[in-house]
1. Name the pairs whose Cβ atoms lie under 8 Å apart, with the first residue in the range A:145-166 and surrounded by fewer than 21 Cβ atoms within 10 Å (Cβ to Cβ) and of a type in the set (D, E), the second assigned to a helix (DSSP H, G or I) and modelled with pLDDT under 90, and 6 or more positions between them or separate chains?
2. Looking at (1) over 27 Å from B:R404 (Cα atoms); (2) surrounded by fewer than 22 Cβ atoms within 10 Å (Cβ to Cβ), which one does B:W310 not meet, given that it meets all the others?
3. Within the range A:73-87, work out how many residues are more than 9 Å from chain B (Cβ to nearest Cβ) and out of contact with any Leu (no Cβ under 7 Å at 6 or more places or on another chain).
4. Name the single residue that is modelled with the highest pLDDT among those in the range A:238-264 being more than 26 Å from A:L7 (Cβ to Cβ) and buried (at least 17 other Cβ atoms within 10 Å of the Cβ).
5. Checking B:A296 against (1) surrounded by 17 or more Cβ atoms within 10 Å (Cβ to Cβ); (2) within 14 Å of another protein chain (Cβ to nearest Cβ); (3) assigned to a loop (DSSP other than H, G, I, E, B); (4) not aromatic (F, W, Y): exactly one of these is not met. Which one?
6. If a residue must be basic (K, R), surrounded by fewer than 21 Cβ atoms within 10 Å (Cβ to Cβ) and away from chain A (no Cβ under 14 Å), how many such residues does the range B:25-67 contain?
7. What do you reckon, is A:D457 over 30 Å from A:A191 (Cα atoms) and either at pLDDT 85 or above or surrounded by 14 or more Cβ atoms within 10 Å (Cβ to Cβ) (or both)?
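The values are calculated or read from the model by the stated rules, or taken from the named source; none is laboratory data. What you see is a predicted model; the values in this text were computed from it and never measured. With ideal geometry, Cβ positions are generated from the backbone for all residues, glycine too; neighbour counts draw on all protein chains shown.
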Number of protein chains: 2
Amino acid sequence: MFRTAELQRKLPKEDYLQLVPPLREDLLLTQMELRKADFPVIVVFAGVDGAGKGETVNQLHEWLDSRWLITQAFGEPSDEERDRPEYWRFWRALPPKGRMGLFLSSWYSTPILDHVYGRIGLAEFDERIERIKTFEKTLADGGALILKFWMHLSKDAQKNRFRKLEKNPLQHWRISRRDWQNWEMYDQFVAAAERTIMKTSTGLAPWKIVEGYDERYRSVAVATAIRDAVRFRLAEAEQNSGGEGGVQPKPATPGHALPPVTVLSSLDMDKTLAKDAYSADIKRYQARLNQLQRIARERKVSTLLVFEGWDAAGKGGGIRRITAALDARDYRVIQIAAPTDEEVAHNYLWRFWRHIPRAGRVTIYDRSWYGRVLVERVEGFARTREWQRAYGEINDFEAQLAERGIVLLKFWLHITPEEQLRRFKEREQIAYKAWKLTDEDWRNRERWADYELAVNDMVERTSTRQAPWTLIEANDKRYARVEVLKTLCERLETALGAGAKRALSAGKTAKKATKQSVAKPTPTKES
Amino acid sequence: MFRTAELQRKLPKEDYLQLVPPLREDLLLTQMELRKADFPVIVVFAGVDGAGKGETVNQLHEWLDSRWLITQAFGEPSDEERDRPEYWRFWRALPPKGRMGLFLSSWYSTPILDHVYGRIGLAEFDERIERIKTFEKTLADGGALILKFWMHLSKDAQKNRFRKLEKNPLQHWRISRRDWQNWEMYDQFVAAAERTIMKTSTGLAPWKIVEGYDERYRSVAVATAIRDAVRFRLAEAEQNSGGEGGVQPKPATPGHALPPVTVLSSLDMDKTLAKDAYSADIKRYQARLNQLQRIARERKVSTLLVFEGWDAAGKGGGIRRITAALDARDYRVIQIAAPTDEEVAHNYLWRFWRHIPRAGRVTIYDRSWYGRVLVERVEGFARTREWQRAYGEINDFEAQLAERGIVLLKFWLHITPEEQLRRFKEREQIAYKAWKLTDEDWRNRERWADYELAVNDMVERTSTRQAPWTLIEANDKRYARVEVLKTLCERLETALGAGAKRALSAGKTAKKATKQSVAKPTPTKES
């Protein structure tokens, strides 16, 4: 979930100096318009210590007119507050219509810290999250615009930042023993954060994860998001009062946007695998997969594979390398194209639920429910609210699969636009491949940047610990196919536990299983 | 919550014979229109055994065209189903667009029974309820119309029904040892049901509680509700496609409605209290209240009182009899009239949150947040979705008060229309009372029936174990005032525990506290 915020995104000073003046003007104008509006704006800041929550709020105070801004930070409750229900202090701090309220260490703080430090168990943690959802729903239903920013830093980046602050005599006081204590709990903290964000990122009160690595980047990212969201809502309100019916407001002008850095641009697209190594690896992993699937079938562990990727990225070839290793009775490949009549007549998730495998089997989805947040989003087949809502619906769907013990793998096969063009031209040349290339493929290509953004959001919102995305560098087909097989074997081995490894090495293919193949797994690229 | 479904409502045979033919015609026509519509209808039946869930579904099959009807009952999961996530079987049973699906012992059954029989604790029960909410939200967001009927019988009525069935040689097989086992668990069952309904009655998938006492009544009640809801949605869809903007569809024709029986019509309005008894009682309870409040203040237990009722029902008088017994520093009376500018600029609940008392104090609301579901509903100040949503928002608000240990009492002072007229006329006569009577009072009177329905729904949806409504027969002012004081004393005593009773009898007023005053509390009229 946080991989998209560990890209070390920076905004160079020159760009910053160019972006900021028009942004400030926009912000002030937007704020002025907001004052006449019929709704309040509630902005919540949460995230990793040192990721710049406080600094960002200070920056906003500088850029906006602070007379119409209310900032609230919640520390230990006062006597007055302790005497009343917990949320009393949040209720009384809410901004009225036409104003903006910035909330630091808000209703999210205590539940997350209490859980991280083991003061409350998972069940109570979930109850507290429920309370948050209900609270925000009440406010949003009442018209409030709610924006939530999760400021993120990787564990290393957090350490570096703390060290740097400690060395600075003027900033030294900022870092306490408590901060280092929290740092020690980084992994638990991130796990709790992921759960919180998944459960509370609703259509009405979505989270935006912001990388806190660079001060200029994060300030501009947050301010831009606030400007755009408020403008969008103002436009919506205006249209509604105009009574034009179909609420499909134009998005705010995207001017002065940040240069896009996505999770895809961080991949090393030069990875290759030599032919010889490829042949050996493919055979080895296929043999291993075959064994693992036998064990999985016996133990009634189902596997569900999702393949997404650019046109011509090699999904089909990747799938064939898997099915070649499986017993035909054990697997099914589901091609997701236009839905059937029957499928159209149901909820969009229905067609995916139908194909969930029986215990011990494998289902491979060639494209999947992620169409909702990719093609349907980019092509406008789904309305904004629909695809935004879909992240939560998908997470819930996948959580149910995980609870049932189903092993779920999601692959995004990534190629560069240049490589895609090369493959398209190759297809045109080769008769038996020409059918694969359609006008639609060329059209999709034109929207590369939109798709790339959609992929980035998809990974950000749906790559969870239970169901992580694996991003595969697929410019080299051989490298990609081996990566897919390897990842699948490793996930299956983990899911089947130590027993599977023993069975594997004792099994028929023991002679083939070289030391290398059961060596410790390479760090996964799971996000 | 279930009090509104324990009124032994019956539909006489003659009325039934008159109502049914046009109702059947409506149902068939509605169903025909539905076939062309872009949404499915999902009808869930749940409730007390013997309250006629199965019979009602059978009746609907007779009245509707069963070719377009899908009925699903879920027993023990099959092998196929056990192999997959729990909800797989519900997903595959969903009706397509244009059809209606009737669900018996659906996704609600297992969680409730598991909890009643102690197989899962409260935390897991809540998690399962969360799953239900997410499931229904996904469907509703996708366009499905979801109707849920909770068929209710009182514990006695259920026993009688079981006995009757056992005696009937043709029906005898219906009652098993299991049914009696469940009956023994009636109270736990109803508690679990209340929790479930409170948490899952959302604007998009509301529950309707139906009294199952009389077969004719319940069939007509359910069928009418289905007809009206489908028609309403069809009208809404038509308006939306017409692109007329403001979605405020006309309600379906209320024709062939059931004669209204409300929770108010079940009250015995002839109750009175003689003058002598009144004087003695008032003094006694005031003394007791004074003592109790001293203890409450010491123990930091806050009290929050809500007074609602008809115009001229005696709210002010009731409140004065309470405040007379309290130290002025300990209480505040909040008159809820038109909101201030500042209050208008916030969420409608904000003005009530503000006044929550500090620990150990008393706040009395003369009218309250219930205005949202009473006057704002009846006068159309709130949109349908807004007041429907308010039940859940209010329950959540009150749950937070209860969790904080605040004692919450809600009184509805009920008078008959005749008594109100008498009081209005009296006010006109007496100079110092004339100011109390406004044109609005006369206008409200004309909408008596609408208000009565709104009160009934309010009690049904917001009378919970934590925050029950107390309905006070207030035609006789003396009787009403003593009832209010008595109820308050009893609730405080329970809240303060045994210690308070001892302190009371040992205290200064011990001589005054006659045996009668600490006698076992009369059964409350809590709903």
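1. Going by the 8 Å Cβ cut-off, the qualifying pairs are A:E166/A:H172.
2. Failed condition: (2).
3. Summing the residues that are more than 9 Å from chain B (Cβ to nearest Cβ) and out of contact with any Leu (no Cβ under 7 Å at 6 or more places or on another chain) in the range A:73-87 gives 6.
4. A:Q239
5. B:A296 satisfies all of (1) surrounded by 17 or more Cβ atoms within 10 Å (Cβ to Cβ); (2) within 14 Å of another protein chain (Cβ to nearest Cβ); (3) assigned to a loop (DSSP other than H, G, I, E, B); (4) not aromatic (F, W, Y) except (3).
6. The number of residues fulfilling the criteria is 1.
7. It is false that A:D457 is over 30 Å from A:A191 (Cα atoms) and either at pLDDT 85 or above or surrounded by 14 or more Cβ atoms within 10 Å (Cβ to Cβ) (or both).
Residue by residue, here is whether (1) modelled with pLDDT of 90 or more; (2) in a loop (DSSP other than H, G, I, E, B) holds:
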| residue | (1), (2) |
| --- | --- |
| A:L7 | no, yes |
| A:P22 | yes, no |
| A:D26 | yes, no |
| A:T30 | yes, no |
| A:A37 | yes, yes |
| A:G54 | no, no |
| A:L60 | yes, no |
| A:R67 | no, no |
| A:I70 | no, no |
